[in-house]
Amino acid sequence: MSQSELFAPEAGARQDLAPGAFLLPGYALDEAEGLLTAAEAVYAAAPPRRWLTPGGRRMAVAMSNCGELGWISDEHGYRYGALDPDSGHPWPAMDPRLRGLAGRAAAACGFADFRPDACLLNRYEPGTRLSLHQDKDELDYGQPIVSVSLGLPAIFLFGGLRRADACLRLALRHGDVLVWGGPARLRYHGVAPLAAGAHERLGALRLNLTFRKAG
Ligand code: MD6
Ligand code: FE
């Protein structure tokens, strides 16, 4: 695959992107309605909010969490915590529909017994981007990450182990699931600015659910 070409596979078979990184096109399509119902219940208890970064900026992506641990950012740094700092309450429990999908997707990519304790819900509006980063706030890099895309399509930037490494551009659509772990676990990645559009179920929004074993 060349670096500039957009990789946009059809629904169906697993695509092996790199050692440890897999795309399951359309894997969550049949379950999307249940996942969205569960996500809406999370938002009712823990509304999406734009965290402050340690550098003092507001993130463009609005975030919430469910599960025993949630990913948080403030002027002191990035971390996982058991309480929603805005409400002081525990994060909403992880719905079995969410947990179940994450476990099955991980198993389909060779990661048996994935038991996520954190699900980060990322909400994007057109124009919103997520800059290149590594996911390294979790304790055990031996556990994979499972990421479900819902709503408007996005271009996922899939880089290497160094920030300066070239990125593949991967089209992620409603129902696509990305699984990565093993040698891909610490690859840099991000999301290009979301293009305008109207998704039939979510309107002008993209929702991304990422499941981790954080603690
Ligand atoms: C997103 N995802 O797709 C942001 N991280 O909205 C992530 O940052 C991510 O999709 C690790 C593994 C998979 C991901
Ligand atoms: Fe990430």
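The values are calculated or read from the model by the stated rules, or taken from the named source; none is laboratory data. Just so it is clear, the model here is predicted, and its values are computed rather than measured. Cβ sites come from the backbone with ideal geometry, for glycine too, and all protein chains shown count toward neighbours.
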Residue ID - nearest to Arg129 (Cα to Cα), chosen from residues in region 197-213 that are in contact with a Pro (Cβ under 8 Å, 6 or more places away or on another chain) and within 16 Å of ligand 2 (Cβ to nearest atom): Arg206
Within region 1-107, considering only strands (runs of 3 or more DSSP E) that don't extend past its boundaries, which have at least 2 residues that are over 20 Å from Leu132 (Cα atoms) and in contact (Cβ under 8 Å) with a residue 12 or more places away in the chain? 62-66
Across region 198-215, what is the number of residues that are more than 10 Å from ligand 1 (Cβ to nearest atom) and either closer than 25 Å to Arg163 by Cβ or surrounded by 14 or more Cβ atoms within 10 Å (Cβ to Cβ) (or both)? 6
Closer than 24 Å to Ala32 by Cα and either modelled with pLDDT of 95 or more or away from ligand 1 (no atom under 14 Å from the Cβ) (or both), is that true of Gly182? no
Being crowded, with 19+ Cβ neighbours inside 10 Å, farther than 20 Å from Gln15 by Cβ and within 12 Å of ligand 2 (Cβ to nearest atom): is that true of Leu194 here? no
Which listed residue, of Pro116, Pro90, is crowded, with 19+ Cβ neighbours inside 10 Å and at pLDDT 95 or above: Pro116
What are the residues in region 122-134 that are near ligand 2 (Cβ under 9 Å from one of its atoms) and under 16 Å from Arg57 (Cα atoms), if any? Leu130, His133
Tell me, which residue of region 145-170 that is touching a residue at least 60 places away in the same chain (Cβ under 8 Å) and more than 11 Å from ligand 1 (Cβ to nearest atom) is surrounded by the most Cβ atoms within 10 Å (Cβ to Cβ)? Leu168
Would you tally the residues in region 122-135 being within 10 Å of ligand 1 (Cβ to nearest atom) and in a loop (DSSP other than H, G, I, E, B)? 4
Just checking, does region 127-144 include any residue being of a type in the set (A, V, I, L, M, F, W, C), in contact with a strand residue (DSSP E or B) (Cβ under 7 Å, 6 or more places away or on another chain) and touching a residue at least 60 places away in the same chain (Cβ under 8 Å)? yes
Suppose we filter region 135-175 for residues that are within 15 Å of ligand 2 (Cβ to nearest atom) and under 23 Å from Leu29 (Cα atoms); how many remain? 13
